[in-house]
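Colleague: Supplied in structure tokens, the structure appears directly below.
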Amino acid sequence: MDDNSGAGRRSFLKGIVAGAGWPGIPALAAAQAQRSIAAQPADRIHYPRTYSGRQLAMIAFPLGGIGTGSISLGGRGQLRDWEIFNRPDKGRSPSYAFPSIWAKRGNSKPVTRVLEARLMPPYAGSSGLGSGNAPGLSRLESATFTGEFPLARIAFEDAHLPVRVTLEAFSPFIPLDTDASGLPVAVLRYRVHNPAAETAAVSIAFSIDGPAGQDGRTNEFRSEPELQGLYMSNPKLDAADPLHGSFALCVLEPGNGHVSHLRGWPAAKWWASPMLFWDDFSEDGQLGPESEKRTATGALCLQREIPAGQDANYTFLLAWHFPNRTPKWSGWDAPKGHENDVIGNYYCTRFADAWRAAQHAARELPESERRTKSFADAMRRSTLPGALRDAAMSNLSTLVTQTCFRTTDGEFHGFEGCDDQRGCCFGNCTHVWNYETSTQFVFPSLARSLRKSAFGYSQDEQGGMRFRQLLPDGIERWHYAAADGQMGQIIKVYLDWKLCGDTEWLRDLWPKIQRGISFAWIAGGWDPRRNGYLEGVQHNTYDVEFYGPNPLGTVYYLGALRAAEEMARALGDNASAENYHALFEKGRSWIDQNLFNGDYYIQKVRGIPKSEIAPATVGDMGADNPEQPEFQLADGCLADQLIGQYLADIAGLGPLLDPSHIRKTLGSIHKYNYRAQLAEHDSVQRVYALNDEAALLVCDYTKGGRPKIPFPYFQEAWTGIEYLVAAQFIHAGMIAEGLETIENVRRRYDGERRNPWDEPECGHHYARAMSAWSSVIAFSGFDYHAAEKAIALMPQTKAPEFTSFFSTGLGWGIFSIRHGQMELALREGSLPLRTIRAPQSGAAKTSVMLDGRACAHHRDGTALVMDQDIVVAAGRTLVVRA
């Protein structure tokens with residue numbers, strides 16, 4: 001790829017530096033204007049990625065809606081990890097849940113297979129592979145898996161099968177539309193091609209052991225014109241049981257195909273039941289007649305005649321409905337006595353049972369599928385580097401796992417991640433969720449729900465924000481506040497407002513935002529002397545407290561002050577704006593003078609007597625002696641020391657520190673924290689990368705010397721931090737370093753070593769890793785200020801043609817820049833515009849065309865300002881030559 005230097009961008013940046021403070025400038029704009037940006041490496045990870053052979057082993061692709069739980073599609077085409085029962089359930093699967101195919105061409109002998117690729121080693125176990133899912137039944141020779149969340153495709157291969165079969169699997173997933181993206185369903189569409197010169201009869205049958213508990217399960221066959229299937233429930237299960245609910249196995253649009261079913265396999269001892277089912281299906285590709293005595297394993301079959309050279313679709317829909325989410329069952333902390341309260345699921349308020357959910361999904365499928373594929377197509381058409389797209393889209397899958405849920409009232413909540421059988425680290429943990437930007441740009445209403453929690457009951461009367469939320473809400477608060485979590489939320493609320501433009505929403509929150517800042521000033525607090533830097537006891541994402549000034553907490557604080565300043569000005573509170581600005585300037589000057597060691601920013605460790613520490617600022621996991629604290633950063637090079645700057649870059653708040661120091665720090669992070677391989681990296685901590693793998697370590701003490709006992713996790717490699725640093729590299733013009741960092745992560749998640757759709761930290765599907773989306777923002781150079789109706793499109797490449805996906809709180813689509821001409825096409829929503837900034841084309845005359853109609857405008861410095869506001873609506877295209 002081309003490098004990212006270029007006269008157009010340099011002139012733009014010079015104009016920004018000299019101009020009127022456009023809010024979307026990267027922090028290092030001034031420095032970038034004076035130098036060339038590093039060349040990009042060749043794109044080594046293609047998008048979408050494909051997996052085959054041993055790479056299929058670890059794949060578990062989550063299928064489900066936001067806040068509904070998921071069933072994962074394995075690399076071989078098998079269903080695994082049934083996590084639909086209101087908590088994580090790694091390894092859980094019904095005793096039998098598999099598709100089968102029967103194919104007969106002309107008068108030839110039919111071929112019957114389980115519609116999965118063959119099982120892969122290891123084969124060891126106390127009973128070999130056991131009998132669950134009938135591992136001894138014949139399967140297909142091989143498969144190739146293509147994943148681009150929210151779509152998965154599998155191409156099966158088998159020389160003995162007379163037809164060719166592919167699978168496309170997805171659940172509706174549409175940016176900005178949480179209801180359409182929150183259906184408890186998975187769509188599995190098998191496409192069968194008949195390559196022969198004669199008609200083929202082909203049947204696909206799906207068997208599923210009713211998942212609602214054990215004793216008392218019933219399966220009922222239901223038939224409607226476009227939806228037929230089995231409704232699975234358990235009337236004998238107690239209504240309060242966590243497994244109380246229903247499941248639906250459906251086939252859509254059978255048309256002139258023949259549907260047959262078994263409400264249960266024939267009941268028999270030992271393993272006769274699956275044998276009798278297999279005999280029945282293998283005989284003629286149909287099911288029945290039913291036995292009088294049946295198991296709870298139901299089966300649904302569709303048989304079609306496929307003419308020579310033609311294709312046929314077999315679309316199965318799985319739907320579920322399990323309403324009894326409780327804090328204790330899922331792993332969420334609750335006020336004493338409320339552990340077993342049903343906090344419920346929002347999706348269960350929309351549908352009475354699984355069949356109603358299936359009906360809705362089937363009715364809406366043509367449109368929801370079109371919209372889902374439009375989203376996937378927009379990212380596929382982007383010329384963003386492949387590794388960047390792969391990382392961003394793959395980690396969006398976290399939203400449909402049990403890391404996330406929506407309670408009955410519709411509010412969005414998130415664990416940090418998932419243990420195998422329960423949520424890990426409850427409470428929308430602010431200092432973890434601060435890292436991610438996926439909710440803010442792709443589902444902004446979910447982000448605002450998180451803010452409602454943080455600035456709601458979780459915030460005490462002084463303004464201290466408890467960084468974990470207990471449920472049910474409004475009864476009891478978590479014990480203490482986290483400095484990094486609180487300051488990050490203030491920056492994030494500014495970004496939320498900027499993306500949606502709802503100033504009244506911001507005005508309602510403003511008193512709480514101000515209390516969030518002033519909490520730092522309480523006696524024994526973080527900045528009790530109002531010096532503009534945090535010097536008190538600061539609980540943080542490393543689960544300990546840092547004592548004394550340090551870059552992690554203080555740069556966050558500077559970002560919060562800048563965000564508060566901008567919000568104050570937008571609300572007409574100029575006095576507060578001036579106060580925040582003065583404190584910001586005071587703090588940034590002190591930090592550059594006192595914490596920068598010439599390479600990066602360090603901590604000045606200061607012991608503090610316990611009597612001088614505000615109780616709401618300290619937990620019980622850090623130093624036992626606050627006057628001589630251990631577990632400190634000290635002189636280490638912390639990978640996320642500039643996380644406050646990271647959020648400021650995304651929010652368009654400009655540089656918080658000396659730009660040359662920021663640039664030097666980022667270079668030092670790459671110099672000290674990056675490891676090309678880890679075979680000689682000694683660590684006694686958790687291991688997320690090892691041996692020949694490359695990674696960016698949390699902290700390095702090469703220059704500063706390691707304390708005897710540093711803070712926890714310093715030896716580890718967290719993908720959520722690696723993506724954060726990569727985004728900062730890209731913002732700073734260090735394109736090669738940024739893409740290298742992302743590529744190294746995604747190489748580790750290659751299907752053989754790890755699941756590409758599960759980046760763990762403290763639990764599977766860790767929320768911090770959704771910081772991967774930030775590189776889309778950084779590389780595309782997209783910035784939108786809804787309240788000011790202002791857009792900037794300044795990608796980090798000088799390639800003559802560039803295309804990228806974009807999203808705001810109001811709409812999403814794609815934009816392209818070709819030889820100085822910008823084209824923006826909105827696919828959903830609307831985008832009000834007054835001001836446009838795009839790369840300078842050098843043309844003598846500017847133009848702005850909306851659907852071919854000229855829009856009157858004038859130039860103001862580097863911006864084009866419309867004489868009248870315009871609105872780019874869905875389906876409309878804006879063409880600009882600046």
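The values are calculated or read from the model by the stated rules, or taken from the named source; none is laboratory data. Every value quoted in this text rests on a predicted model; they were computed, and no experiment measured them. Neighbour counts are summed over all protein chains in view; Cβ atoms, including those assigned to glycine, are modelled from backbone coordinates with ideal geometry. The protein model used for the area step is the full one, side chains on, heavy atoms only, and it has no ligands, DNA or RNA in it. Shrake-Rupley method; radii C 1.70, N 1.55, O 1.52, S 1.80 Å.
Colleague: Using only the alpha carbons, work out the radius of gyration and Dmax of region 205-346 in angstrom.
Modeller: In Å, with Rg to one decimal and Dmax whole: 18.6, 67.
Colleague: Name the longest site-free stretch of the chain, where the excluded sites are chymotrypsin sites (Phe, Trp or Tyr not before Pro) in a DSSP loop with no more than 10 other beta-carbon atoms within 10 Å.
Modeller: Details: sites that count: Tyr123, Trp270.
The longest such stretch corresponds to 271-882.
Colleague: Per q in 0.17, 0.20 1/Å, what log10 I(q)/I(0) does a Debye calculation on the alpha-carbon atoms of region 344-494 return?
Modeller: With no solvent term, the Cα-only Debye profile gives -1.10, -1.30.
Colleague: Hey, if you drop one equal point scatterer on each alpha-carbon of region 672-809 and run the Debye formula without solvent, what base-10 log of I(q)/I(0) do you get at q = 0.11, 0.14, 0.21 Å⁻¹?
Modeller: So the normalised log intensities work out to -0.49, -0.74, -1.29.
Colleague: List the aspartates and glutamates whose Cα lies under 12 Å from the Cα of Lys703, skipping any in the same chain that are fewer than 8 positions away.
Modeller: Straight-line reach from Lys703, under 12 Å: Asp599, Asp635.
Colleague: Residues in region 149-175, backbone N under 20 Å from the label point at Glu364 (7 Å along the Cα-to-beta-carbon vector): list them, ranges by number please.
Modeller: Hits in region 149-175 for Glu364 at 20 Å: 150-152, 169-175.
Colleague: Still on this model: Beyond 16 Å, what percent of the Cα pairs of region 424-487 remain? List each step's numbers first, then the result.
Modeller: Details: 823 of 2016 pairs.
So the portion of pairs separated by more than 16 Å is 41 percent.
Colleague: While we're on this one: In whole percent, how big is the carbon plus sulfur part of the accessible area of the chain, probe 1.4 Å, protein atoms only? Please list the in-between numbers first.
Modeller: Details: 14320 of 29930 Å².
Carbon and sulfur together cover 48 percent of it.
Colleague: For a 19 Å ceiling on Cα separation, which of these pairs sit above it: Lys90/Lys452; Lys498/Lys845; Lys328/Lys492; Lys452/Lys498; Lys373/Lys492; Lys373/Lys798?
Modeller: Numbers: Lys90/Lys452 31 Å; Lys498/Lys845 31 Å; Lys328/Lys492 30 Å; Lys452/Lys498 16 Å; Lys373/Lys492 29 Å; Lys373/Lys798 29 Å.
Those over the limit are Lys90/Lys452; Lys498/Lys845; Lys328/Lys492; Lys373/Lys492; Lys373/Lys798.
Colleague: I'd like the distance separating the alpha-carbon centroids of region 529-563 and region 420-482, in whole Å.
Modeller: With region 529-563 and region 420-482 each reduced to a Cα centre, they are spaced 19 Å.
Colleague: Setting aside same-chain residues fewer than 8 positions from Lys610, which lysines have a Cα under 29 Å from its Cα?
Modeller: Of all the lysines, those that pass the test against Lys610 - Cα under 29 Å, at least 8 places apart if same chain - are Lys336, Lys512, Lys586, Lys708.
Colleague: Then there is this: Taking Rh as the Kirkwood radius computed over C-alpha pairs, what is the Stokes-Einstein D of region 685-747 at 4 °C in a medium of viscosity 1.567 mPa s, expressed in µm² per second?
Modeller: On the way: Rh = 12.7 Å.
The estimated diffusion coefficient comes to 102 µm²/s.
Colleague: Next question. Which distance in nm do the two modelled labels at Asp867 and Asp377 give, with both placed 7 Å along the Cα-to-Cβ direction?
Modeller: It is 3.6 nm.
Colleague: For the chain, what is the mean residue ellipticity at 222 nm derived from helices alone (per DSSP H run of n ≥ 4: -39500 (n - 2.57); sum divided by total residues; nearest 500 deg cm²/dmol)?
Modeller: Working: 19 runs with 230 residues, N = 882.
Theoretical 222 nm ellipticity from helices: -8000 deg cm²/dmol.
Colleague: If you don't mind, there's one more thing I want to ask. Please compute the per residue accessible area over region 561-665 with all protein chains in place, 1.4 Å probe, rounded to a whole number of Å². The partial results should precede the final answer.
Modeller: Details: 4010 Å² over 105 residues.
That works out to 38 Å² per residue.
Colleague: P(r) tail for region 498-638, what percent of Cα pairs lie past 28 Å?
Modeller: Values: 2327 of 9870 pairs.
The calculated P(r) of region 498-638 puts 24 percent of pairs beyond 28 Å.
Colleague: Using unit Cβ charges (K, R positive; D, E negative) and no other charged atoms, how large, in debye to the nearest 20, is the dipole of the chain about its Cα centre? Kindly include the intermediate steps, with their values, before the conclusion.
Modeller: On the way: 89 positive and 99 negative charges, 289 e Å.
Computed about the Cα centre, the dipole is about 1380 debye.
Colleague: Also, quick follow-up: Leaving out ligands and nucleic acids, note down the accessible area per residue over region 399-490 with a 1.4 angstrom probe, in whole Å². Can you show the working numbers first?
Modeller: Numbers: 2060 Å² over 92 residues.
Result: 22 Å² per residue.
Colleague: Using only the alpha carbons of region 749-882, determine the length spanned along each of the three principal axes and report them from longest to shortest in whole angstroms.
Modeller: Computed over region 749-882, the largest-to-smallest principal extents equal 55, 29, 26 Å.
Colleague: Pull out a ≥ b ≥ c, the square roots of the eigenvalues of the alpha-carbon gyration tensor of region 263-407, then state rounded if a/c is under 1.5, prolate if not and a/b is larger than b/c, and oblate in the remaining case.
Modeller: Numbers: a/c = 2.26, a/b = 1.18, b/c = 1.91.
Oblate is the answer for region 263-407, as a/c is 1.5 or above yet b/c matches or exceeds a/b.
Colleague: How many times 2.2 N^0.38 Å is the alpha carbon radius of gyration of region 624-726? Kindly include the intermediate steps, with their values, before the conclusion.
Modeller: Numbers: Rg = 14.6 Å, N = 103, 2.2 N^0.38 = 12.8 Å.
For region 624-726, the normalised Cα radius of gyration comes out at 1.14.
Colleague: Taking mean projected area of the Cα convex hull in nm² straight from the coordinates, which label in (1) 37.0; (2) 43.6; (3) 46.2 is the correct one?
Modeller: (1)
Colleague: Rg and Dmax in Å for region 375-437, alpha carbons only: what are they?
Modeller: Here Rg and the maximum Cα pair distance are 14.3, 40 Å.
Colleague: Just need the relative contact order of the chain here, percent rounded to a whole number, with Cα pairs under 8 Å and 6+ apart. Before the final figure, lay out each step's value.
Modeller: Working: 2240 pairs, mean separation 120.0, N = 882.
So the answer I get is 14 percent.
Colleague: For Tyr766, enumerate residues with amide H under 5 Å from its amide H, sequence gap 5+ or separate chain, H modeled in the peptide plane.
Modeller: It is Glu759, Glu761, by chain and number.
Colleague: If you don't mind, there's one more thing I want to ask. Counting heavy atoms of the protein chains only and a 1.4 Å probe, report the per residue accessible area for region 723-877 as a whole number of Å².
Modeller: On the way: 4590 Å² over 155 residues.
About 30 Å² of surface per residue is accessible.
Colleague: Counting other Cβ atoms within 10 Å of each Cβ, which trypsin sites (Lys or Arg not before Pro) in region 707-796 have at most 13 and sit in a DSSP loop? Please list the in-between numbers first.
Modeller: On the way: sites: Lys708, Arg746, Arg747, Arg748, Arg753, Arg754, Arg768, Lys789; in loops: Lys708, Arg753, Arg754, Lys789.
Of the trypsin sites (Lys or Arg not before Pro), the ones in loops of region 707-796 whose Cβ has at most 13 other Cβ atoms within 10 Å are Lys708.
Colleague: Can I ask one more? Full-extension gain between Ser52 and Thr503, please, as 0.36 nm times their residue separation minus the C-alpha to C-alpha distance. If you can, show how the numbers build up before the last one.
Modeller: Values: separation 451, 0.36 × 451 = 162.36 nm, distance 5.03 nm.
Stretched out fully, the Ser52 to Thr503 stretch lengthens by 157.3 nm.
Colleague: A further question follows. Please give the residues of region 392-410, grouped as numeric ranges, whose backbone N is less than 18 Å from a label point set 7 Å along the Cα-to-Cβ vector of Lys452.
Modeller: Residues 404-410 fall inside that zone.
Colleague: For region 195-270, run through the GluC sites (Glu not before Pro) and keep only the ones in DSSP coil with at most 14 other Cβ atoms within 10 Å of their Cβ. Numbers along the way, then the final one.
Modeller: Numbers: sites: Glu198, Glu220, Glu226; in loops: Glu198, Glu226.
The qualifying sites are Glu198, Glu226.
Colleague: Further, regarding this structure: Can you give me the distance in nm between label points at Asp311 and Ala239, each placed 7 Å from the Cα along the Cα-to-Cβ direction?
Modeller: 4.8 nm
Colleague: Another question, if that's okay. Lys610 to Glu476: FRET efficiency via 1/(1 + (r/R0)^6), r the Cβ-Cβ distance, R0 22 Å, to the nearest 0.05? Can you show the working numbers first?
Modeller: Numbers: r = 25 Å, r/R0 = 1.12.
Calculated value: 0.35.
Colleague: Return the lysines within reach of Lys293: Cα separation strictly under 20 angstrom, same-chain partners fewer than 8 residues apart disregarded; answer none if there are no such residues.
Modeller: Of all the lysines, those that pass the test against Lys293 - Cα under 20 Å, at least 8 places apart if same chain - are Lys236, Lys269.
Colleague: Label region 813-882 by shape, choosing from rounded, prolate and oblate, from the square roots a ≥ b ≥ c of the eigenvalues of the Cα gyration tensor; if a/c is under 1.5 it is rounded, and otherwise prolate applies when a/b is larger than b/c, oblate when it is not.
Modeller: Values: a/c = 1.91, a/b = 1.33, b/c = 1.43.
Oblate is the answer for region 813-882, as a/c is 1.5 or above yet b/c matches or exceeds a/b.
Colleague: Could you compute Rg(Cα) / (2.2 N^0.38 Å) for region 485-552, with N its residue count? Please report the intermediate quantities before stating the final value.
Modeller: On the way: Rg = 13.8 Å, N = 68, 2.2 N^0.38 = 10.9 Å.
With N residues counted in region 485-552, Rg over 2.2 N^0.38 Å equals 1.26.
Colleague: Taking 0.36 nm per residue of separation and subtracting the Cα-Cα distance, what length does fully extending Arg164 through Ser683 add?
Modeller: 182.0 nm
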